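**Q** The structure under discussion is supplied below as structure tokens; questions concerning it will follow.
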Amino acid sequence: MRAAVFTDFGDGDEVTIQERPDPEPSSGEAVIDVEACSINRHDLWILQGESAMVPKGALPFVSGLDAAGVVREAGEQTAVSEGDRVLLCPNQTCGECEFCREGPETLCKQFMLYHGALAEQALVDASRLIPLPDSVGFAEAAALPTAYLTAWRMLLEADVEPTDLVFVPGATGGVGVAAVQLAAVLGADAIGTSTSARKLAELDDLGCAHTIRSGDPEELVREVRSIGDPDAVINHLGGEFTQAGLGVMKRGGTMVICGRTAGGSSSFKVAPFFLQHKRIVGSTMGTQPELETLVALVADGDLEPPVDRTYSLEETGQAFDDMLEREAFGKLVVEPSR
């Protein structure tokens with residue numbers, strides 16, 4: 001089989017197509033023909049050498065978390081069969097700790113993520129495969145596991161309800177777009193921001209209640225306050241946007257943080273936590289049942305993840321360069337079988 005391999009740290013020029021042995025499943029495993037695999041900033045950080053999960057010694061490396069495809073071969077003791085349409089939940093857990101037993105699984109002491117789907121075939125834990133209805137396209141499905149599952153879990157952590165106001169700074173990236181769409185599914189109104197007028201227009205088309213064109217945290221504070229006091233802040237940016245979110249959030253509101261795109265450190269005032277009962281909650285990914293819920297939303301027509309562009313396996317390097325350019329709106333999806 002062919003795979004898109006990171007041969008060094010850098011940009012898309014370091015992605016090489018290589019021939020690798022076809023995988024063979026052991027008991028509890030399955031091999032899927034990968035029809036679609038979306039790429040995420042998580043993959044980009046690995047390519048750029050900014051992920052502690054993948055040191056230099058792990059190269060060459062095949063990334064790719066979000067795989068949708070068809071079961072090619074199933075090992076013993078699996079619940080899937082050859083020909084099944086499936087979506088992979090990339091969570092990897094020990095299955096034995098208190099969090100695996102009692103939930104949520106994302107708190108597992110050995111929580112990791114699957115890598116290896118940027119290839120024609122992927123060897124996976126069969127118990128992590130979710131049935132994919134015929135009505136859900138492979139590219140749409142591949143958009144869900146990282147960006148949409150992360151955003152869904154964040155909204156649940158913030159207890160977002162109908163009529164709530166949700167502030168999403170940087171709302172035109174993967175998690176941001178997902179948060180805006182899923183807030184609408186929950187009956188909430190979102191405030192989405194971007195520096196791009198074109199992207200904000202596309203966000204408006206997705207039903208974003210309020211849009212602000214700015215990337216300046218102080219200006220965002222002023223503009224958000226003119227709209228209202230958000231019940232929740234969905235923060236995938238980190239950095240100085242953390243204080244901005246705290247500054248506009250209502251009393252008793254919750255900010256959920258899942259990333260560090262704008263910076264790995266944040267400075268913020270302490271008083272709002274004990275005087276106004278504001279909360280900051282950390283969140284990573286979501287649970288497999290929650291991913292099943294997202295698949296059902298797409299199948300029922302309640303959610304349509306935008307896919308900006310699809311690529312052949314040979315174009316994987318270009319996909320990462322396009323992500324670096326920050327011009328895309330929606331997911332970038334590699335289709336290895338194309």
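**Q** Which ranges mark the helices (runs of 4 or more DSSP H) fully within segment 206-318 that have 3 or more residues being over 29 Å from residue 136 (Cα atoms)? First the steps, then the outcome.
**A** Working: elements: 217-227, 241-248, 271-275, 288-299.
Per the criteria, 217-227, 241-248, 271-275.
**Q** When you go through (1) surrounded by 17 or more Cβ atoms within 10 Å (Cβ to Cβ); (2) out of contact with any helix residue (DSSP H, G or I) (no Cβ under 6 Å at 6 or more places or on another chain); (3) closer than 15 Å to residue 64 by Cα; (4) not small (Gly, Ala, Ser) one by one for residue 144, which number turns out not to apply?
**A** (2)
**Q** Condition test on residue 254, is it within 23 Å of residue 147 (Cβ to Cβ), among the hydroxyl-bearing types (Ser, Thr, Tyr) and open to solvent by less than 10 Å² (accessible area, probe 1.4 Å)?
**A** Working: within 23 Å of residue 147 (Cβ to Cβ): yes; among the hydroxyl-bearing types (Ser, Thr, Tyr): yes; open to solvent by less than 10 Å² (accessible area, probe 1.4 Å): yes.
The answer is yes for residue 254.
**Q** Working only within segment 7-24, note down all residues that are on the phi < 0 side of the Ramachandran plot, open to solvent by less than 80 Å² (accessible area, probe 1.4 Å) and not hydrophobic (A, V, I, L, M, F, W, C). Working first, answer last.
**A** Filtering segment 7-24 down to residues on the phi < 0 side of the Ramachandran plot leaves 7-9, 11-24.
Next, only the ones that are open to solvent by less than 80 Å² (accessible area, probe 1.4 Å) stay: 7-9, 11-12, 14-18, 20, 23.
Within segment 7-24, 7, 8, 11, 12, 14, 16, 18, 20, 23 qualify.
**Q** Being farther than 16 Å from residue 302 by Cα and over 16 Å from the mean Cα position of the chain (by Cα): is that true of residue 205 here? Step through it out loud before you land on a result.
**A** Details: farther than 16 Å from residue 302 by Cα: no; over 16 Å from the mean Cα position of the chain (by Cα): yes.
So residue 205 fails the test.
**Q** Would you check if residue 27 is hydroxyl-bearing (Ser, Thr, Tyr) and loosely packed, with under 13 Cβ neighbours inside 10 Å?
**A** On the way: hydroxyl-bearing (Ser, Thr, Tyr): yes; loosely packed, with under 13 Cβ neighbours inside 10 Å: yes.
Spelling it out, residue 27 is indeed hydroxyl-bearing (Ser, Thr, Tyr) and loosely packed, with under 13 Cβ neighbours inside 10 Å.
**Q** Quick one: which of 159, 66 is at positive phi and either modelled with pLDDT of 95 or more or out of contact with any Pro (no Cβ under 7 Å at 6 or more places or on another chain) (or both)?
**A** Working: 66 fails: at positive phi.
The unique qualifying residue is 159.
**Q** Could you list all residues from segment 296-320 that are surrounded by 15 or more Cβ atoms within 10 Å (Cβ to Cβ), in contact (Cβ under 8 Å) with a residue 60 or more places away in the chain and out of contact with any strand residue (DSSP E or B) (no Cβ under 6 Å at 6 or more places or on another chain)?
**A** Within segment 296-320, 297, 298, 299, 303, 305, 306, 318, 320 qualify.
**Q** So which residues in segment 78-94 are within 17 Å of residue 131 (Cα to Cα) and in contact (Cβ under 8 Å) with a residue 24 or more places away in the chain, if there are any at all?
**A** From segment 78-94, those within 17 Å of residue 131 (Cα to Cα) are 78-91; that's our starting set.
The answer is 78, 79, 80, 84, 85, 86, 87, 88, 89, 90, 91.
**Q** Follow-up. Can you tell me which residue in segment 106-141 is farthest from residue 37 (Cα to Cα), limited to those that are assigned to a helix (DSSP H, G or I) and open to solvent by 30 Å² or more (accessible area, probe 1.4 Å)? Let's see the steps before the verdict.
**A** The initial filter retains those residues of segment 106-141 that are assigned to a helix (DSSP H, G or I), namely 106-107, 126-128, 138-141.
Add one more test, that the residue is open to solvent by 30 Å² or more (accessible area, probe 1.4 Å), and what stays is 107, 127, 138, 140.
On the way: 107: 25, 127: 19, 138: 8, 140: 10 Å.
So the residue we want is 107.
The values are calculated or read from the model by the stated rules, or taken from the named source; none is laboratory data. Quantities reported herein were computed from a predicted structural model and do not represent experimental measurements. We place every Cβ from the backbone using ideal geometry, glycine too, and count neighbours over all the protein chains shown. For accessibility, only protein heavy atoms count, side chains too; no ligands or nucleic acids. Shrake-Rupley method; radii C 1.70, N 1.55, O 1.52, S 1.80 Å.
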